[in-house]
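*Asks:* A single structure is presented below for examination.
The values are calculated or read from the model by the stated rules, or taken from the named source; none is laboratory data. It should be emphasised that the depicted structure is a prediction, and the values quoted were computed from it without experimental measurement. Cβ coordinates were reconstructed from backbone atoms using ideal geometry, including for glycine residues, and neighbour counts include every protein chain displayed. Ligands, DNA and RNA are excluded from the accessible area calculation, which covers all protein heavy atoms including side chains. Shrake-Rupley method; radii C 1.70, N 1.55, O 1.52, S 1.80 Å.
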Amino acid sequence: MTPAAARALQESRLRHFIRRQVYPYSLHYRRLFDERGIDPACIRTLEDLQRIPFSSKEDLTATAGNPQKSREFVLQPSPEALRRRPGTVLRALLTGPARVRRALEYEYRPLLLTSTTGRSADPVPFLYTGRDLDNLRTAGGRVIDLGNCTGEDRILNLFPYAPHLAYWLTHYAAHARNVFSVGTGGGKVLGTAGNLDLLEKVRPTILVGMPTFLYHLLHQGAAEQRRLDSLRCIVFGGEKVAPGTRGKLARMAAEMGSGPVTTLATYGFTEAKLAFPECAVPLGETPAGYHLWPDLGIVEIIDPESGEVQPEGHGGEIVFTPLRARGSVVLRYRTGDLCEGGLVHEPCPRCGRNVPRLLGRISRVSSIHSMQLHKLKGTLVDFNQLEHLLDGVDDVGSWQLELRKIDDDPMELDELVLHASLAPAADPRHVRRLLVKHFQRTAEVRPNEIQFHTESGMRRLHGVGTVLKEERIVDNRPKAERRQPARSQRSRERAPLRHPRHRRREPNLHSSIQ
C-alpha cells in the first residue's frame, strides 16, 4: 500500500471501530465519551482521533474502590445489544442461529489472558478473543517474514511459560507460517542445562528470547563446547538490545559452530497485543527501524510534556490505538516509551516495505530501571544510557548495576556498585581501570565499588530461571528515598530485590491477576 492508501484504510477502520465497537460495548469509553461530550460519529479522521483523551496504565490499575478496573476496558456486548446490531437477525435467518452464535463467540468471548509484568505497578491483565488471536497470528507471521523464515526453519522459543505477550506471539507466529517450533519455558522450567540439551537435539535455525537469558545460555554453551552449527538468526524480545550484545551473542554462536548470524529485534507491549519487528540485519549493520502494521493499529508520536502530536521524523512518546482489537481495548494508550527518531512513512531502505517505521533508540521511562533522567550522587544521569553502557566492552561478560545507600541509611550518600563477570583471560586490574574510565567518560559518574563474579554468580544476581525479566539496573536504596513514580503500598512490598543483601520473594504474577 502507498501511505495515502494506508491512511484511508486506517480512517475507515477507525470510524467503524469507534462507532460499532468501542462506544457501544466498552463501559469505560462510553462513560468517558458521555462525560466529555464526544460524539462517536465525529471521529472520522486521524486528526479527529486527537479529541479522545489519552489512556495510561493508571487508568487500568486496580484500586481499593475498584479492584476489577481493567474489566471496564473489555468489550462486553449484552445479548440485547447484539440482537439489535444491524444484520444479526438476517444472518440468523439465512445461516441459522448456531452459526451466528459461533461467530459472535469468536468475536467477543475471551480465550486467552496476558499480563503486564508488574515492575512499576500491579500486573494488569489483557484479554484476547478469537479475533485477537487471529490478529496475533497475522502480526507474528509478519515477524517471521521480516526474519526471512521459511518452512524449513526450526524455532526454539526461549521465552518463559507465562501470560506474557512475547511467548504467545512467538507461538502463534510459527503456527501462522507452518514453521516447526519448540517452547522451552526459558530457564525456569528446564534450567540452563536442560535448554542446552534441547538446543542440541532440536538444532534450531532461529533462537527467540530475551537478550539477557540468551547471553547466559550461549555463554554456558560455548564454555561446554556445545554444538549450534544450524543457527542463522537470533530474534530478541521482551527487552531492549544493544549493538554490543548482538555482537557478543554472534561471537558465542560462532564458538558453538554456527556460520554468519543475522539479528532481529522486536518492540511490543502488552496493551497493544502486537509486536513490531526490525528487518533481519547482518552483524555490524544498522537496523532500519521497527516496522508497524497500519491495518491493525495507529501509532502517534507526541510531546511527552504538552501531549501535542509531533511531525514526521521528530522524537517523542509512543501512543497506540488498535483498529481490529476485541477483548481488552485501550485508545490512545501512552506507552511511556520515548522514540528518538519518531515516525516515518518512507519505504524501508532494506526491505522496501511501505509500512511506517519507528526510528532510533526506544527508551522506557515508565519505571526506575530505565528512568530517563535521575540524580545520582549529585549528578544528573541518563539511566537509558547506563542500561547498555557495558554491552560493547569485550572484556566484560554479563553485568548489573546496583544502587544503594551507605550502610542502608536513607540519610547517607548514594552508592553505585557494578557487578560483572570477566571474559576468559581478562586481567581484573586492567578491566577495573578500564571500567572506571569508561563510566567517567560516558556517564560522568564512577562506581563506588566493582565486584567481579563468575558467570553462575551473575546468573543468580540476574535471577535467571526465577524471574520473568532479568534486570540490568537494580535500586536497593531504602524505599523512602527512591526517586520514582508513586506506587501503591502493595506494589512496593512486591518490588523484586534479588541481591544477597536484600532477599525478597518475586511477585506472584498469577495470584496478582486473580
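*Asks:* Using amide H atoms built in the peptide plane, which far-off residues or other-chain residues are under 5 Å from residue 109 H to H?
*Replies:* 130
*Asks:* Per DSSP H run of n ≥ 4, the term is -39500 (n - 2.57); total these for the chain, divide by its residue number, and report the mean residue ellipticity at 222 nm rounded to 500 deg cm²/dmol.
*Replies:* So the calculated ellipticity at 222 nm is -9500 deg cm²/dmol.
*Asks:* Apply the a/c threshold of 1.5 to the C-alpha gyration tensor of segment 85-183 and tell me whether it is rounded, prolate or oblate. Don't skip to the end; give the middle numbers.
*Replies:* Working: a/c = 3.18, a/b = 1.49, b/c = 2.13.
Oblate, because a/c is 1.5 or more while a/b does not exceed b/c.
*Asks:* Nearest 20 debye, what's the magnitude of the dipole of the chain about its Cα centre given +1 on Lys and Arg Cβ and -1 on Asp and Glu Cβ?
*Replies:* On the way: 74 positive and 59 negative charges, 316 e Å.
So the magnitude is around 1520 debye.
*Asks:* Order 44-51, 241-248 from most to least packed using the mean count of other Cβ atoms within 10 Å.
*Replies:* Working: 44-51: 14.6, 241-248: 20.0.
Ranked from most to least packed, the peptides come out as 241-248, 44-51.
*Asks:* Once you keep just the Cα pairs under 8 angstrom separated by 6 or more residues, what percentage relative contact order results for the chain?
*Replies:* 12 percent.
*Asks:* So what is the accessible area of segment 1-75 per residue, in Å², with the probe set to 1.4 Å?
*Replies:* Working: 3980 Å² over 75 residues.
Averaged over the residues of segment 1-75, the accessible area is 53 Å².
*Asks:* State, to one decimal in nm², a quarter of the convex hull surface area for the C-alpha atoms of segment 109-248, i.e. the direction-averaged projected area. Let's see the in-between values first.
*Replies:* Numbers: hull surface 36.0 nm².
Over every viewing direction, the Cα hull of segment 109-248 projects on average to 9.0 nm².
*Asks:* Still on this structure: What is the distance, in nm, between label points placed 7 Å from the Cα along the Cα-to-Cβ direction at residue 448 and at residue 227?
*Replies:* 5.1 nm
*Asks:* Can you tell me the dipole magnitude for segment 388-479 around its Cα centre, using point charges on the Cβ only (Lys, Arg +1; Asp, Glu -1), in Debye to the nearest 20?
*Replies:* Values: 14 positive and 17 negative charges, 36 e Å.
About 180 debye.
*Asks:* Another question, if that's okay. Taking amide H positions as placed in the peptide plane 1.01 Å from N, state which residues far from residue 451 in sequence (5 or more) or on other chains have amide H under 5 Å from it.
*Replies:* Amide H neighbours of residue 451: 418, 419, 420.
*Asks:* For segment 1-92, just say rounded, prolate or oblate: build the C-alpha gyration tensor, square-root its eigenvalues into a ≥ b ≥ c, call rounded for a/c under 1.5, and beyond that prolate if a/b exceeds b/c, oblate if not.
*Replies:* Here segment 1-92 falls in the oblate category.
*Asks:* Using a/c under 1.5 as the rounded threshold, could you call segment 7-151 rounded, prolate or oblate? The axes a ≥ b ≥ c are square roots of the C-alpha gyration tensor eigenvalues, and prolate needs a/b larger than b/c, oblate otherwise.
*Replies:* Numbers: a/c = 1.30, a/b = 1.06, b/c = 1.23.
Cα axes put segment 7-151 in the rounded bin.
*Asks:* Using θ = phi - 60° and the Karplus relation 6.51 cos²θ - 1.76 cosθ + 1.60, list the HN-Hα couplings for segment 247-258 in order, rounded to whole Hz, with x at every Gly or Pro.
*Replies:* x, 5, 5, 5, 5, 5, 4, 5, 5, 8, x, 6
*Asks:* Report, in degrees rounded to the nearest 10, the 0 to 90 angle that the Cα long axis of helix 27-36 makes with the longest principal axis of the chain.
*Replies:* Approximately 80 degrees, to the nearest ten.
*Asks:* Take the Cα atoms of segment 250-323, find their three principal axes, and give me the spread along each one in whole Å, biggest first.
*Replies:* On the principal axes, segment 250-323 reaches 51, 24, 19 Å in Cα extent.
*Asks:* For the full complex of protein chains and a 1.4 angstrom probe, list 1, 210 by accessible area with the highest value first. The partial results should precede the final answer.
*Replies:* Numbers: 1 135, 210 5 Å².
Of 1, 210, the descending order of accessible area is 1, 210.
*Asks:* Just want the answer: with Cβ charges of +1 for Lys and Arg and -1 for Asp and Glu, which residue in 252, 467, 311 is farthest toward the dipole's positive end in the chain?
*Replies:* Of the options given, the answer is 467.
*Asks:* Ok, one more. Taking θ = phi - 60°, what integer Hz values does the Karplus form 6.51 cos²θ - 1.76 cosθ + 1.60 yield along segment 302-310, in sequence order, with x for Gly and Pro?
*Replies:* My calculation for segment 302-310 gives 10, 6, x, 8, 8, x, 6, 5, 7 Hz in order.
*Asks:* Can you give the angle from 0 to 90° between the axis of helix 187-202 and the longest principal axis of the chain, with both taken from C-alpha atoms, to the nearest 10?
*Replies:* 90 degrees
*Asks:* Using θ = phi - 60° and the Karplus form 6.51 cos²θ - 1.76 cosθ + 1.60, what ³J(HN,Hα) does each residue of segment 333-350 get, whole Hz, x for Gly and Pro?
*Replies:* The phi angles translate into 7, 7, 6, x, 9, 9, 9, 5, x, x, 9, 10, 10, 6, x, 5, x, 9 Hz.
*Asks:* If you count only protein heavy atoms and use a 1.4 Å probe, how large is the accessible surface of residue 23, to the nearest 10 Å²?
*Replies:* Number for this one is 60 Å².
*Asks:* Residue 456 versus residue 427, label points 7 Å from Cα toward the beta carbon: distance in nm?
*Replies:* Inter-label distance under the simple model: 2.9 nm.
*Asks:* With each pseudo-label sitting 7 Å past Cα toward Cβ, what's the residue 306-residue 353 distance in nm, one decimal?
*Replies:* It is 3.2 nm.
*Asks:* 5 Å is the cut-off here: which amide hydrogens, built 1.01 Å from N in the peptide plane, fall below it relative to residue 327, excluding neighbours closer than 5 in sequence?
*Replies:* Result for residue 327 returns 75, 129.
*Asks:* Tilt of helix 428-443 relative to the longest C-alpha principal axis of the chain, in degrees (0 to 90, nearest 10)?
*Replies:* Helix 428-443 and the main axis of the chain meet at about 40 degrees.
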